[in-house]
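In what follows, a structure is listed as structure tokens, so that the remarks can point back to it.
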Amino acid sequence: MIFILPPLPYAMDALEPIMSEETLEYHYGKHLQTYVDNLNRLLEGTPHAEVSLEEIILSSTGPVFNNAAQVWNHTFFFNSLTPEQKPMPEVLEEALIKDFGSVKAFEEQFKKAAAGIFGSGWAWLAQDRNGKLHIIQESNAGNPMRAGFKPLLTIDVWEHAYYIDYRNRRAEFIDGCWKLFDWDKVAHRMGENTLTAVLGDLAEDRKTETKKAMDKYVCITCGWVYDPEEGDPEGGIAPGTAFEDIPEDWTCPACGVGKEFFEKV
């Protein structure tokens, strides 16, 4: 499998003045591209060459893990930002209140975790198997998937993420990112387990499910939508193929993640 630089969901200058076009040219266009190139080179001729990015992260070590995780982490980070931030959805607010006491308390704890990472790394909002939300610090290329958590939000605090715009003012960069986070996407990533835990059983209030073959699924990493009417011909999936019937080794054509990172629209 050959990995490619995933497309940004916005223009290179769309996040200014909080995140400059120059920063994206280097952070996205050069740093992430380097991780992609290094990963492809390292995978050539190895057993990992034919598996998904998530499988590589969960089963590899050393340079292969470092580059695979950095490709995934950066893709997830860039796709967590938006130039047109909307108010936080109520379901996410309720989840944060449930697990952190208040939205403000979550903000303070998350920013403190990001600012307090020694050296390079990532701060994550992640969900455990029971739907509970956690703030997790990871150094270098760390990803909470390796400990069984589902990532919902992350911020990159490697110096290359902010040094062009903020020099050594990491806390100022973190404050800026807070104004760019796509809360709708974070809420969507939580999944049904957390929605049920927070709001109770909403099954009676949900829309009647459409036929299996008509269900659309969205990639929680990049936002690409699988429409069964269109299929994915370039990926070998014929039009009319239900998402449940797609082979398990199929990956998102936009960012390369596996089926497990898709959720029903």
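Odds and ends about this structure:
- Multiplying the residue separation of Phe118 and Ile164 by 0.36 nm and subtracting their alpha-carbon distance yields 14.6 nm.
- Each Lys or Arg adds one and each Asp or Glu subtracts one; over the other residues with Cβ under 12 Å from the Cβ of Gly258, this totals -4.
- Calculated mean residue ellipticity, 222 nm, the chain: -10000 deg cm²/dmol, from DSSP H runs (n ≥ 4) at -39500 (n - 2.57) each, averaged per residue and rounded to 500.
- Neighbourhood charge, 12 Å Cβ-Cβ cut-off, centred on Val64 and excluding it, Lys, Arg +1 and Asp, Glu -1: -1
- For the range 1-75, the Kirkwood hydrodynamic radius from C-alpha pairs, put into Stokes-Einstein at 25 °C and a viscosity of 0.890 mPa s, yields a diffusion coefficient of 188 µm² per second.
- Förster radius 22 Å - calculated FRET efficiency between Ala242 and Asn40, Cβ distance, rounded to 0.05: 0.10
- Applying both filters, DSSP loop and at most 12 other Cβ atoms within 10 Å, to the trypsin sites (Lys or Arg not before Pro) of the range 112-155 gives Arg129.
- Dividing the convex hull volume of the alpha carbon atoms of the range 1-159 by its residue count gives 121 Å³ per residue.
- Percent of C-alpha pairs per 5 Å bin in the range 64-158, short distances first: 3, 13, 22, 25, 21, 12, 4, 1.
- Additional length obtainable on full extension of the chain from Gln85 to Glu108, 0.36 nm per residue less Cα span: 6.4 nm
- Of all beta bridges that DSSP places with both ends in the chain, some 100 percent have antiparallel geometry.
- Pairwise label distance in nanometres, Glu25 with Arg129, each label 7 Å out on the Cα-Cβ vector: 4.8
- Whether the range 49-111 is rounded, prolate or oblate, judged on the alpha carbon gyration tensor where a/c under 1.5 counts as rounded: prolate
- Equivalent ellipsoid, the chain (semi-axes from 5 times Cα gyration tensor eigenvalues, Å): 28, 25, 17
We did not get these values from a lab; they are worked out from the coordinates using the rules stated. In this text, all values refer to a predicted model and were calculated from it rather than measured experimentally. So basically every Cβ, Gly included, is an ideal-geometry build from the backbone, and we count neighbours across all protein chains shown.
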